[in-house]
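Here is the structure we will look at.
The values are calculated or read from the model by the stated rules, or taken from the named source; none is laboratory data. Treat the numbers as computed from the prediction; the structure is a model and nothing was measured. Glycine gets a Cβ as well: all are built from the backbone with ideal geometry, and neighbour counts include every protein chain shown. Remember, those area values only see protein heavy atoms, side chains included, never the ligands or the DNA or RNA. Shrake-Rupley method; radii C 1.70, N 1.55, O 1.52, S 1.80 Å.
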Amino acid sequence: MTRDSRFDVLFEPVKIGPVTAPNRFYQVPHASGMTNALPRVRAAFRETKAEGGWGVICTGACSIDPSSDDAPLPFATMWDLNDIHAHALMTDAVHRHGSLAGVELWHGGASVMNRQSRLPPLSPSGIPWMATHVGFMGNMRPKVMDKSDIKAVLRWQAEGARKARTAGFDIVYVYAGMGYLGYEFLLPEYNHRTDEYGGSIENRVRFVREMLDVTRDAVGKDCGVALRVSLEELRGRPGRNQPSEAHELIEILSDYADLFDVKMDSSPTDCSASRFTGEASHEPVIDFVKKLTDKPVVGVGRFTSPDTMVSQIRRGVLDFIGGARPSIADPFLPNKIREGRAEEIRECIGCNICISSWHDGVPVRCTQNPTAGEEWRRGWHPERVEPAHQKEKILVIGGGPAGLECALTLGRRGHEVTLADAGKAFGGRLAFETRLPGLATWGRVVDYRLGRLNEMPNVSMYLESQLGVDEIIDLAPDHVVLATGAHWTRMLYSSLEIPVGTLEHPEVYTPDDIAAGHLPEGPTLVFDFDNYYYGGVLTEHLASKGIPVSYVTPAGQASAWTIMTNELPLVHRALARRQVPVTTLHMVTGFDGEKATLTHLFTGEQMTIDCRSVLIVGLRMPRTELQEALAARQDELSAAGIRSVTAIGDALSPGAITHAVHSGHKFAREHGSIGLPQYYKRDTPIVDREPGFELRAAAE
Ligand code: ADP
Ligand code: SF4
C-alpha cells in the first residue's frame, strides 16, 4: 500500500542541535517501570518502538544523583559505570534501527522522599509537595538548597550528561516539569528565595538556564540538549512583557535549548484519561511556544490520528509529534502510517493502565498491546507471531476482550478459528460499558480487533450463538477456549475487608442488571468495593438518567484505585458535578426497601441513608457453568475429538480489560508450544563482578 501524500510531512528529518531525527515521530520520555535492574527488558521495549518507526526514543526519568530517589516508585539512574552499561544496551538497540536515543536526566527535588538513599530531599525554599494520597506521601521535609547545593546539582547534571554521552545517547534532557526540582525553581509557590534564583521570572529561570548551560558545555557538540518544561501554571500567570510567564520563560530560554519538550504540570492533566480528556488536549497551553523560538518543539496529546498530527505541524503548533501512550499501544504506529496502513493502528484507548504499572512498580502493561513489556522476557513481538506448527480447529466461545484477542492471535498464527458469542454484538462487557459516560474511546479495543478479524479468511465469527455442550460436540473442534467472562455478585463486605454474605432484596441490583437494561427506582445507593472505574461510572450513568444517586465505599476515596490511572481527582469532580453525595469508609450492612444501613469500617458505628434501591459494584466471579457442564461430559468430548478445554480472561480470573487481553494473547501465543508452560525470562542488573565471587562459585 502507498501512503497518502498529505502525511509526507510527518516523515521529514528534523535537526536537534548537532543531531538529526529521521522523522517527526518522537517517543517522549515516559515511565516504563523498567529500572536499571531490568536493562534487557527495557532495551527490547524501547527497541521495538524504534523498529516500528519512531525517530526518537527516550528513557523515562533518569536520576543524576542519589539525592533524587523516588523509591519505591521505579526510576532509572545514571550514577556509575554499571548504569552506563545498562543504558548502552538501550541506545545500541535504538541505533540499530536508525533512531536517536534521548535520556531524561532528572532531579526530583522536593517531590521525592529519598526513602532508599535517606538523603534530605533538595528544594529551593524547603516547601514540600504534600500529597493527598498515601502512596505518594512522605514524612521527610526538604532541605533549603544553599549555593553549594545548587553548584552540586549543576555538577551532577554535567556528570550525568557526560555519562549519558558515553552510554551512546544523542539527546540529553534538562527536566523542569511535573513538580520536580527545575520546576520548583520556576514557581513562586515553591521558590521563596530572595537571592538571584528567586523573585522575578528572570531569576526563577536562572537555575534551569544554568542546568542547560552545564549540559551544553558537557556534551553540546555531540548531543542535542533538550528542555522539558511544564507550562500549565505559568501560562495562567500574567507576564510583565508577554501575555504570561510561560511566554517569558520560552523567550528567555529560546536559544539555550536545541529542543523544547513542552507539557502540563501534573500527571492527571498531562496524561489525562480519555474518560475526561480528548486528543490534542495540551494545545491551548503550549500553542504559543513555536512563535517564540526557532528551535524544534515536541508535545504530546494522545495523538493517534495522522490527520490531527499533520494539522499540528501545518498549523505551527509542533515540530515533532510526541507520543508516550500511543507508542506503547502501537510501537509500529509510524510505520503503519508510512506504509499506508493507518487503519491497522492499534489506537491507545486512554485508559492509563500503563501509568498504573509505574505506580505499581512493575514493567509497563497496556490494555491494547499485550506484548508491551513482554518483548524480551516472553519474546513477544507486537507485529509478528510464530506460525502454528500444526494448524488446528479452535473454537473460541465469547467475543469479549479476551476472546477477540485470542481469536485474532490464533488466526494470525494460521489456525482455523471459530469465534461465537451469545450477544448481538461483539465486545463482551465493552458492548455495554462503551455506552457509559466517558468510555466510548474504549471501543477501540473491539474495533481494532474486529477490523483485523474481518480480514482473515481462516476466522469465522458468529453472533447470537449461545453455545452449550451439545453444540460444542456437534462442532467438534480440536480445542475449545472459554472466554465466557464473569458475573457480578450481590455479595457484601466485612470489616475483615473481604466479601462476605449477600444482600437479598428485590431492589438490589448488580452491574449485570444495569447492562441488561434495568434502571433501578431512585433514590439509588451505589455500594462500590470493586474500587476501580465501574462504580463511579455507573453512578454517573444513573445520575445522567435523572435518578438521585448516592455513592458509598469502604475505601477512603471514590473509585479509590483510579489514583493509579490518574483519574481519581477527576472522578471526584465528576461526581460532585452531578451532585452525588460520597460516603467513604462505610459498608452497606442492611437494606429494607426504604433505607440502607451503613456501618463504619473501623468504628462499627451505624447510620442510614434513605433509598429505594441498592446497586452493588463489588465482587465478580467467573462464569463457570459451561466449563462444569463440559467437564461432566468429558468422555463425549474425547469421542468427538476435542482435545482440550481452556478458560481465559475473566472466565479464568476476573480483572481489568488489560488482564483479559493479555490472557487471551498468552493462550494463543503458547498454544501448541512444546514442553512445559514458559513463564518468562528473568532479567538481571548489570553489575561489577563481586570480589570473591569466583571463589564462592568454585566452592559450591
Ligand atoms: P472477557 O473480559 O474475559 O473477554 P467478557 O465478559 O467481556 O469477558 O465477555 C464474555 C463474552 O462471552 C460475552 O460477550 C458473552 O456474551 C459471551 N458468552 C458467555 N457465555 C457464552 C456461551 N455459552 N456461548 C456464547 N457466548 C457466551
Ligand atoms: Fe493507551 Fe491504555 Fe495502553 Fe496506556 S494502557 S497505552 S492508556 S491503551
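Before moving on, here are some points about what is shown:
- Among the candidates GLY399, GLY427, GLY403, GLY423, residue that is assigned by TED's automatic domain parsing to the domain that holds LYS666, open to solvent by less than 40 Å² (accessible area, probe 1.4 Å) and over 25 Å from the mean Cα position of the chain (by Cα): GLY423
- Looking only at residues of region 430-454 that are under 20 Å from the mean Cα position of the chain (by Cα) and small (Gly, Ala, Ser), we find that the one that is surrounded by the most Cβ atoms within 10 Å (Cβ to Cβ) is GLY438.
- When region 294-322 is limited to residues that are open to solvent by less than 10 Å² (accessible area, probe 1.4 Å) and in a loop (DSSP other than H, G, I, E, B), the one that is nearest to ligand 1 (Cβ to nearest atom) turns out to be THR304.
- Qualifying position, being over 13 Å from VAL661 (Cβ atoms), basic (Lys, Arg), in the same structural domain as LYS263 (by TED's automatic domain parsing) and buried (at least 24 other Cβ atoms within 10 Å of the Cβ), among ARG325, ARG338: ARG325
- Residue count for region 638-682 under the criterion of being more than 11 Å from ligand 1 (Cβ to nearest atom), within 26 Å of the chain's Cα centre (by Cα) and assigned to a loop (DSSP other than H, G, I, E, B): the result is 5.
- Contacts under 9 angstrom Cβ, first residue in region 419-434 being modelled with pLDDT of 95 or more, partner more than 16 Å from ligand 2 (Cβ to nearest atom) and among the basic types (Lys, Arg), 6 or more apart: ALA431/LYS424
- Given (1) within 16 Å of ligand 2 (Cβ to nearest atom); (2) open to solvent by less than 20 Å² (accessible area, probe 1.4 Å); (3) in contact (Cβ under 8 Å) with a residue 60 or more places away in the chain; (4) not assigned by TED's automatic domain parsing to the domain that holds GLU455, number of the condition GLU347 does not satisfy: (2)
- In the set PRO506, PRO499, PRO554, only one residue is over 30 Å from GLY403 (Cα atoms), assigned by TED's automatic domain parsing to the domain that holds VAL582 and either within 31 Å of the chain's Cα centre (by Cα) or open to solvent by less than 40 Å² (accessible area, probe 1.4 Å) (or both); that residue is PRO554.
- GLU405 more than 15 Å from ligand 1 (Cβ to nearest atom) and more than 20 Å from ARG42 (Cβ to Cβ): no
- Residue among SER356, SER327, SER281 that alone is in a loop (DSSP other than H, G, I, E, B), within 16 Å of ligand 2 (Cβ to nearest atom) and not basic (Lys, Arg): SER281
- Only a single criterion out of (1) under 22 Å from ASP360 (Cα atoms); (2) open to solvent by 20 Å² or more (accessible area, probe 1.4 Å) is not satisfied by ALA543, namely (1).
- Where helices (runs of 4 or more DSSP H) fall entirely within region 141-255, those with at least 2 residues that are open to solvent by 10 Å² or more (accessible area, probe 1.4 Å) and within 30 Å of ARG115 (Cα to Cα) are at 147-167, 201-219, 232-235.
- Region 249-263 residues that are assigned by TED's automatic domain parsing to the domain that holds ALA21 and among the aromatic types (Phe, Trp, Tyr), paired with ones that are open to solvent by 10 Å² or more (accessible area, probe 1.4 Å) and part of a helix (DSSP H, G or I) (beta carbon under 9 Å, 6 or more apart): TYR256/ARG209; TYR256/ASP213; TYR256/ARG216; PHE260/LYS290
- Single condition PHE527 does not satisfy, out of (1) of a type in the set (A, V, I, L, M, F, W, C); (2) surrounded by fewer than 24 Cβ atoms within 10 Å (Cβ to Cβ); (3) touching a residue at least 24 places away in the same chain (Cβ under 8 Å): (2)
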